[in-house]
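Peer 1: Okay, here's the structure, questions in a sec.
The values are calculated or read from the model by the stated rules, or taken from the named source; none is laboratory data. A quick note: this is a predicted structure, and the numbers were derived from the prediction, not measured. Note: ideal-geometry Cβ built from the backbone for every residue, glycine included; neighbour counts use all protein chains shown. The protein model used for the area step is the full one, side chains on, heavy atoms only, and it has no ligands, DNA or RNA in it. Shrake-Rupley method; radii C 1.70, N 1.55, O 1.52, S 1.80 Å.
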Amino acid sequence: MKLAHVENPTKYKGLYIIDYGDHSSIGYTADEVAQILESEQYANVKVYKIRRAYPDGQMELKGVPAETFHLEMGMFFYAHNEKIARKQYDRLIEDTQTHPAPARAVVQLAKLDAQTYVTALIFPAEHNDEFSSWLIDCDYRTTGQVTGGVSALIEYRSRGPQIIESTQLHAPDRQDRPAEELFAKTGEAVQR
């Protein structure tokens, strides 16, 4: 795969490259990749995430299976009472003031049964690495059990949580383009 030279390569960290077979394009957001993959024409493209980018133009890439863009996953922080769960929930929301969430997500404070409460962080699966790093950067700690992943989300939803409070987190400054513009530019080597 041959990539186009880009100015300021470090600004592409966290974005995606699509290998269309006859050419590649650099600079897609996760939601844009999902839109591309949903089309019949581009269902078999290869996708790479730019994990690191260096000033000299070198990039560390990670292949991302197409299925990942159709999944959600979560991280679940359990507590034995509402007071502790509320504290965990509030802390997570407060952390977004100084450390913006890396992508769109939802945070829920929920009751599962008489003695089980949970703070749920639910996000698109392609952002798992970013959310893990984000929680570490925020120094987010809890005292109860923690689970995570696609299967943990399925289990959480199957338990019929009573949502006490919910907050939508929004992605930082990268704007997704409308589908018409996105598909009109699939032939361009640099998307941003």
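Peer 1: Tell me the relative contact order for the chain as a rounded percent, counting alpha carbon contacts under 8 Å between residues six or more apart.
Peer 2: 25 percent.
Peer 1: Here is a follow-up. First compute the accessible area of the chain with a 1.4 Å probe, then give the percent of it belonging to carbon and sulfur atoms.
Peer 2: Carbon and sulfur atoms account for 48 percent of the accessible area of the chain.
Peer 1: Oh, and also: Heavy atoms only, 1.4 Å probe, whole protein assembly: order Phe183, Phe69 by accessible area, highest first.
Peer 2: Phe183, Phe69
Peer 1: Report the residues of segment 102-121 in range of a label on Gln168: point 7 Å along Cα→C-beta, backbone N strictly under 13 Å from it.
Peer 2: 104-107, by backbone N distance to the label point.
Peer 1: Okay, moving on. Give me the extension gain from His99 to His80: residue separation times 0.36 nm, minus the current Cα-Cα distance, reported in nm with one decimal.
Peer 2: Additional length available on full extension: 4.1 nm.
Peer 1: If the elastic network links every pair of Cα atoms under 10 Å, which of Arg52, Arg159, Arg86 fluctuates the most in the Gaussian network model of the chain?
Peer 2: Evaluated over the chain, the most mobile residue of the options is Arg159.
Peer 1: Follow-up question, since we're still on this one. Heavy-atom accessible area per residue, segment 78-181, 1.4 Å probe: how many Å²? Please report the intermediate quantities before stating the final value.
Peer 2: Details: 5930 Å² over 104 residues.
Heavy-atom SASA per residue in segment 78-181 reads 57 Å².
Peer 1: If segment 70-169 were replaced by its equivalent ellipsoid, with semi-axes equal to the square roots of 5 times the Cα gyration tensor eigenvalues, what would those be, largest first, whole Å?
Peer 2: 19, 16, 11
Peer 1: Which of the peptides 11-24, 116-129 is most tightly packed, and how do the rest follow, judged by the mean count of other Cβ atoms within 10 Å per residue?
Peer 2: Taking the mean over residues of other Cβ atoms within 10 Å, the ranking is 116-129, 11-24.
Peer 1: State the label only: which of (i) 1, 7, 15, 18, 16, 13, 10, 8, 6, 3, 1, 0; (ii) 1, 7, 12, 14, 14, 13, 11, 9, 6, 4, 3, 2, 1, 1, 1, 0, 0, 0, 0; (iii) 1, 8, 17, 20, 21, 15, 10, 5, 2, 1, 0 corresponds to P(r) over Cα pairs in 5 Å bins from 0, in percent computed from the shown model?
Peer 2: (i)
Peer 1: Okay, moving on. Relative contact order, percent, of segment 75-188 when contacts are C-alpha pairs under 8 Å separated by at least 6 residues? Intermediate results must be reported in sequence, preceding the final value.
Peer 2: Numbers: 160 pairs, mean separation 43.1, N = 114.
About 38 percent, as a whole number.
Peer 1: With the crude spin-label approximation of a point 7 Å out along Cα→Cβ, what separation in nm comes out for Gln58 versus Glu40?
Peer 2: Inter-label distance under the simple model: 4.4 nm.
Peer 1: Could you compute the FRET efficiency for Ile154 and Lys185, with r as their C-beta to C-beta distance and R0 at 22 Å, rounded to 0.05?
Peer 2: On the way: r = 36 Å, r/R0 = 1.64.
The value I calculate is 0.05.
Peer 1: Here's another thing I want to ask about it. Along Cα→Cβ, 7 Å out, is where each label goes; now give me the distance between the ones at Asn8 and Leu112 in nm to one decimal.
Peer 2: Modelled inter-label distance: 4.4 nm.
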